[in-house]
Amino acid sequence: MTLDITFSKTTKKKAEALVLGVYEKRALAFPQGALEENLHSLAARMMEKSRNFKGKPGQSLVSLMPEGEAYDYLVLIGLGDGAKLDALEAEKAGGRLSALLTDKSIKSAEFIVDDALENKARVAASFGVGARLRSYSFEIYKSEKKDDEKVQKPEKLNICVSADKEAGKLFKREADVMKGVFLARDFVNEPPNVLYPYAYANRILEALKPLGVEIEILDDKKLLKHGFGALMAVGQGSAHPPCLVVMRWNGLERESMDAPLALVGKGVTFDTGGVSLKPGLGMDEMKMDMGGSAAVVGTMMALAQRKAQVDVVGVVGLVENMLSDRAYRPADILKSYSGKTIEVLNTDAEGRLVLADALSYVQKLYKPKAIIDLATLTGAMIVALGHELCGTFANNDDLWAELQEASKITGEKLWRMPLEEEFKKEMESETADLQNIAKSGRNAGACTAAGFLWHFIEGDTPWAHLDIAGTAWIKKDRETTPKFGTGFGVRLLDRWIADHYE
Ligand code: BES
Ligand code: MN
Ligand code: ZN
C-alpha cells in the first residue's frame, strides 16, 4: 500500500498531524493569518524553544498538541531557501516527510503549501510525488506481524494549496508514471527463485496486457531457431530456459508501427558469473541484474497508463546465468543474431551477449528512429561513478542533449561517457569477429563494454547505452527512494519521450 495523496483548497482538519513548512532563518512558509492564532503561536514557540532547528532541508520538529485541538500533532519541516524551492526540492521534502511520518507512526497528515510561491501548484504536486515515491515498500515475503509490533505506515496525505485543481492534474500524470516505477522496483526486489525468465515474462504479460500493450514472448525454441546464438548461450547452463519479451505500445494507433522508438533491457534474472564464477560475498545482489529490463517494462507501463501518443517497442532478453554441465564456457565461439561471431573469454561478461542479440533483433524488425538500452552491465561503471550518476554512452549529440534535459527534470542523474573507435577495436578477436572482454583487460571496463555493444548498432541510428549497474540498486534510503530496487530510468525515459516524441 502506498500513500494516498489528495489536494484541497483549505485544511480539512481530519488528519492526525498538521505539517507546516519552515524556510531557512525560521520563517514559516506561509503568511500570518493563514492559520488559526493558536496554531501559529504554537509553531512559533516550537521554533523558539529548539536551538538547532533552523528550517534547513532535513530538519524537523514534532510536537503533541493539547487535547481538544483539531490535530494530535504539529509537525514543522525545514524547506531551506524558499527562492530555491523547485520541483526537485519539493519532491525531496515530500519524501522526507513520508519517512518522518513512518518513523513517528503518524498515519495521516495535512501539509500547507506556501500560497505566495509562484510555482505553488508544481511545488504541491511534486511534494506529493516525493512523498509517494518514498512510501514504497516491498514486504510480501514478511510474515504478518501482531498489530502492536507492526510499523505503522502513513496512509493519507492531504496537501492544501489554492491551486488545488492544477496541482491535482500535475500529480495525476506523475501517479501514472509512478505505477511504472513501482513495478520496476518490485521486479528488481523479487528473489531469483521466483523471478526466473519465464515467470518474469508472465508477470510482464499480466501487468501490461490489460493496459493495451501488445506482448509477444519468443520462447527458447523460437530463439534457437531464429539464431539468437549469443543470448541462448548465456542461458544454456540454467534449468530455466531464456526468453525474449517484445512489448509494443502503439499509441499513434496506426496500422503498423513506422520507425518507433526502441527500448532494450538486460534481463539477467540472476548472474552467478557462470563458469567464470563470481566470488560468494555479495553475490545475492546479482538478483538485480535484470534492472535494465525492469526499467523498460516500467516505462512501457507508464506510457500505457497515461496513454502516451507515441509508438514505442520494448525488448527485454530474460536469461539466468548459471553454471552446470551444460553451461557455456570460456573459449566457446558463438554465432550472434547479427551473424557476427563472438569468442567467449569470460562467461561473466554475459549482459553484452544478451543485449547484442536483442539490439540486432529490434533493428531488423522495427527499424527504430532511436534506440536506448539500459543494463546493469559493468562493475567498472560503479568504480567510475558510484551510485548517484548513471554513465551514458551516446553516438548522437542531439539524443544525448534530450536525455540530459529529461534527467535535469526527473533528478535521475546522467553523466556522458566516451564512445571511441579504440574501445571498439579492443573487442576484436583473433579467432572470431569479436570477443566478449577487452584485449587489454579491466581498464575502462564500462567503455569497452559499450564499445562491444556499438558493434551491433547499424549505421548511424541514434543510440544511447545507459549502464545502470550503480543506480538500479542502492543499500541506503534516499529522500524519494527507499533502499534496494530504485526503478531508475522509468521517469527519465517517460520524460524523454513526452518532451521530444509526443
Ligand atoms: N552484472 C555484472 C555487472 C554488475 C556488477 C552489475 C556489480 C551490478 C553490480 C556483469 O554481468 C558483470 O559481471 N560484468 C563483469 C564484466 C567483466 C567480466 C568484463 C564485471 O563488471 O566484472
Ligand atoms: Mn556477469
Ligand atoms: Zn550481469
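Within the stretch 38-57, the set of residues being open to solvent by 50 Å² or more (accessible area, probe 1.4 Å) and under 23 Å from Ser108 (Cβ atoms) comprises Asn38 only. Screening Glu24, Glu37 for residues that are over 33 Å from the mean Cα position of the chain (by Cα) and over 30 Å from Lys179 (Cβ atoms) leaves exactly one candidate, Glu37.
For the stretch 52-81, a residue qualifies if it is of a type in the set (Gly, Ala, Ser) and at pLDDT 95 or above, and the qualifying residues are Gly55, Gly58, Ser60, Ser63, Gly78, Gly80. Residues in the stretch 343-381 that are within 16 Å of ligand 3 (Cβ to nearest atom) and of a type in the set (Val, Ile, Thr): Val344, Thr347, Val354, Thr376, Thr378. Among the residues of the stretch 314-350, the one identified as in a loop (DSSP other than H, G, I, E, B), among the aliphatic types (A, V, I, L, M), open to solvent by less than 20 Å² (accessible area, probe 1.4 Å) and away from ligand 1 (no atom under 12 Å from the Cβ) is Ala327.
Scanning the stretch 439-456 for residues that are in a loop (DSSP other than H, G, I, E, B) and open to solvent by 10 Å² or more (accessible area, probe 1.4 Å) yields a count of 7. The condition of being away from ligand 2 (no atom under 14 Å from the Cβ), without any contact (Cβ under 8 Å) to a residue 12 or more places away in the chain, closer than 17 Å to Glu214 by Cα and of a type in the set (S, T, N, Q) holds for only one of Ser293, Ser256, that being Ser256.
Only one of the listed residues (Asp397, Asp373, Asp348, Asp357) is among the charged types (D, E, K, R) and within 14 Å of ligand 2 (Cβ to nearest atom). That residue is Asp348.
Restricting Phe138, Phe187 to those that are closer than 20 Å to Ala99 by Cα and either open to solvent by 10 Å² or more (accessible area, probe 1.4 Å) or part of a helix (DSSP H, G or I) (or both) reduces the list to Phe138. Within the stretch 458-475, not a single residue is modelled with pLDDT of 95 or more, touching a Ser or Thr at 6+ places or on another chain (Cβ under 7 Å) and more than 30 Å from Phe423 (Cβ to Cβ). Annotation note: of Glu405, Glu320, Glu343, the sole residue that is more than 16 Å from ligand 2 (Cβ to nearest atom), over 16 Å from Phe452 (Cα atoms) and not aliphatic (A, V, I, L, M) is Glu405.
The values are calculated or read from the model by the stated rules, or taken from the named source; none is laboratory data. Bear in mind the structure is a predicted one, so any value in this text is a computation, not a measurement. We place every Cβ from the backbone using ideal geometry, glycine too, and count neighbours over all the protein chains shown. We work out accessible area using only protein heavy atoms, side chains counted, and drop any ligands, DNA or RNA first. Shrake-Rupley method; radii C 1.70, N 1.55, O 1.52, S 1.80 Å.
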